[in-house]
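Taken together, the values in this text are just the output of simple stated rules run on the coordinates, not laboratory data. Every value quoted in this text rests on a predicted model; they were computed, and no experiment measured them. A quick note on method: Cβ atoms are made from the backbone with ideal geometry, for glycine too, and the neighbour counts reach across all protein chains shown.
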Amino acid sequence: MLLVIQEALRNGKQMISEGKLEFDIAWDGRRIVGAGIHSSRPVFASRVLEGQPVAEALKRVPLLFSVCGRAQAMAAAAACDAARGLRAGEAVQQARERALAGECLQEYGWRLLIDLPMLLGEPSRPGELADLRRRIAAADDAFKWRSVATAAEELLERAVFDMPPEAWLKLRPAALEKWLAKGAAPAPRMLARLRRLHLGGEFGLLPWLEEAHLPGLAAAMDADAAFVARPTFQGQPAETGALARQRAHPAIQREIAQHGATAAARLLARLLELAQLPAQLRDPAAQGIRSAAPHPGTGIAAVETARGTLLHRVDLAEGRVVRYRILAPTEWNFHPDGAFVRGLIGCPAKSETEARGAAGLLAHALDPCVSIETRVRRA
Amino acid sequence: MCLAIPVKVVELLEGEQATVDVGGVRKAISLALVDGITVGDYVILHVGYAIQKLDPEEAEKTLALFAELGDSMGTAPA
C-alpha cells in the first residue's frame, strides 16, 4: 500500500488508485496448472471515516465509492443504525431496498450490455445502458422507480431475454433449453459457450447470512485487520454472488446437476436475479439488508449487491466513528484460495490465448469490481 | 468497493471519447454513459467509462477526501 502512495506522491496530484487484480496463470501447454492473484485494492479506505461524527461519515461513504455507491451508503446507514440501537421505519427500509435493486439492475446491465458482447467479440452497447442509468440516477420516489421498472422490462426483453422477463422466468426446462440453443441475444449464446468450457466448479458457497451469523463475522472483522482482505467463513474461503443466493432455485439445481457449477451456472443465476428486479423495484420485499448489534455501540450490516454480500462493521463512541471496516464481495471471490483460483486450475487450454481467455471468462462470472490484468507463463 | 476517484477531462475526442488526466497520465475514456461533459469537468471513471459527472464543489470535496485517504494509507491499519 505504501508503494502506491509513494508513487502517487511522485506523480504529484493523484493520491490513490482504485487498485486492480493481477492474475498470474501457469499453463503447461495443455491446461492451466496454477493461478495466483495479486490485489492492489485499497481495502482499508474506510479509515477516512474514523474519527468522524456519524452524520459526516454517512455523507462521506457515497463520495468514496463509485459503482456500488448506493449499496455502500445503505450498508453504512444500516450498520450505524444498529450501533445506535435504531431501526429504520418501513418507508425508509422500502426506499433502501429499491435503491439496492436499482443499483443491481445497473450493474447486471453493464455485465450484459457492455461486457458480454465484448467477450463475444461484438460491439458493446453502452447507449442502451446510458438511458437506464439516467433513470436510475434520477429515481427518488416510488413513482419514478416504477418507471425505471417499465423501462428495464422493455430493455431486458429487447436486449437480453427476447421475451418479457417474467415470461422468461416461467419457462419450463425444455423451453429454457430451446431458448439457450436458439436465442440470438448475447446471453443465451454466452451460456451455451460457457457450458462447453467446464470452467469453474463448486468450492463452497457463502450461505445466506442471517442476523445470527453477523456477530461472528463482526468479531472476525475486528480481531484481524487482514480478514477483510482474505475473508473466510467457518475457516474456509467462500464464494458470494448470484450463484450463492440462487443455489436453491430449480433452474440452478438442474443446471448444476447436468452441467456442473461452471461459469454458465453463475451467468444463469445472474439472469434469474436480473429478471426479478423490475418486480422488486415496483413492490420491494425486505430481502437485501440485515443488521445486528453484537454490543452497544457496535453495528454490522450485510447488504446484497450485484456482486454478492457486502459487509460494513462500525464501532461508535460519543456519536463518532471509532473504527470502520468494510468487507466487499471481490475479496471473497478473489481470495488466493477462492472460487477464481480453484475454478481455473485444471481448465483445458490449447494455447496461451485460450488460457488468458479462460481467466477472463471466469473473472467475468465472478465479477470483480476493478479492472483485471492477466499474465500467462509456460509451466 | 470501488473508489470513486475524480478525474479531469482535458480534451473531447470524436465518437463519445475524451482524454482525461489520471494523476498526470493522459488516458482515453468513453463518455457513452454520461451526458453534457465539457473540458475541465471532473468525472468518476470506472473501467474505461466515465460513469458520473461531478459538480465542481462535489469534485473538490471528493478530491480532499482522497488526499486525506492517501495520507492515512502510509501506516498499517490498527
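Near A:Lys144, which lysines are there with a Cα under 23 Å away, not counting those fewer than 8 places off in the same chain?
Candidates past the 8-residue exclusion: B:Lys53.
Estimate the FRET efficiency between A:Arg30 and A:Lys182 by the formula 1/(1 + (r/R0)^6), using the beta-carbon distance for r and 45 Å for R0, to the nearest 0.05. Let's see the in-between values first.
On the way: r = 33 Å, r/R0 = 0.74.
The value I calculate is 0.85.
Between A:Glu318 and A:Glu154, what is the FRET efficiency for a Förster distance of 51 Å, r being their Cβ-Cβ separation, to the nearest 0.05?
Numbers: r = 51 Å, r/R0 = 1.00.
Rounded to the nearest 0.05, the efficiency is 0.50.
Over segment A:223-347, what is the relative contact order in percent, taking alpha-carbon pairs closer than 8 angstrom and at least six residues apart?
Details: 152 pairs, mean separation 36.1, N = 125.
Computed over segment A:223-347, the figure is 29 percent.
Among A:Gly121, A:Gly319, A:Gly343, which one shows the biggest mean-square fluctuation in a GNM of chain A, springs joining Cα atoms closer than 10 Å?
Evaluated over chain A, the most mobile residue of the options is A:Gly121.
Rounded, prolate or oblate for the protein assembly as shown? Axes are the square roots of the Cα gyration tensor eigenvalues, ordered a ≥ b ≥ c, and the cut-off for rounded is a/c under 1.5.
Details: a/c = 1.25, a/b = 1.21, b/c = 1.04.
Note, shape of the protein assembly as shown comes out rounded.
Estimate the FRET efficiency between A:Ala279 and A:Glu56 by the formula 1/(1 + (r/R0)^6), using the beta-carbon distance for r and 45 Å for R0, to the nearest 0.05.
Numbers: r = 36 Å, r/R0 = 0.81.
The formula returns an efficiency of 0.80 here.
Which value in nm describes the separation of the simple spin-label points at A:Lys170 and B:Glu14, placed 7 Å from the Cα toward the beta carbon?
5.0
Among the listed pairs A:Lys59/A:Lys170; A:Lys20/B:Lys8; A:Lys20/A:Lys59, which are separated by more than 31 Å between their Cα atoms? Each step should come with its number before you reach the end.
Values: A:Lys59/A:Lys170 42 Å; A:Lys20/B:Lys8 21 Å; A:Lys20/A:Lys59 26 Å.
Over 31 Å Cα-Cα: A:Lys59/A:Lys170.
So what's the back-of-envelope 222 nm ellipticity for chain A, counting only DSSP H runs of four-plus at -39500 (n - 2.57) apiece and dividing by all residues, rounded to 500? Mind showing how you got there, number by number?
Values: 17 runs with 187 residues, N = 379.
After summing the helix terms and dividing by residue count, I get -15000 deg cm²/dmol.
Could you work out the mean count of beta carbons from other protein chains within 10 Å of each residue's beta carbon in A:130-140?
Neighbouring Cβ atoms belonging to other protein chains average 2 per residue here.
Check which residues have an amide H placed less than 5 Å from A:Ala349's amide H, if you skip close sequence neighbours.
A:Arg31, A:Ile32
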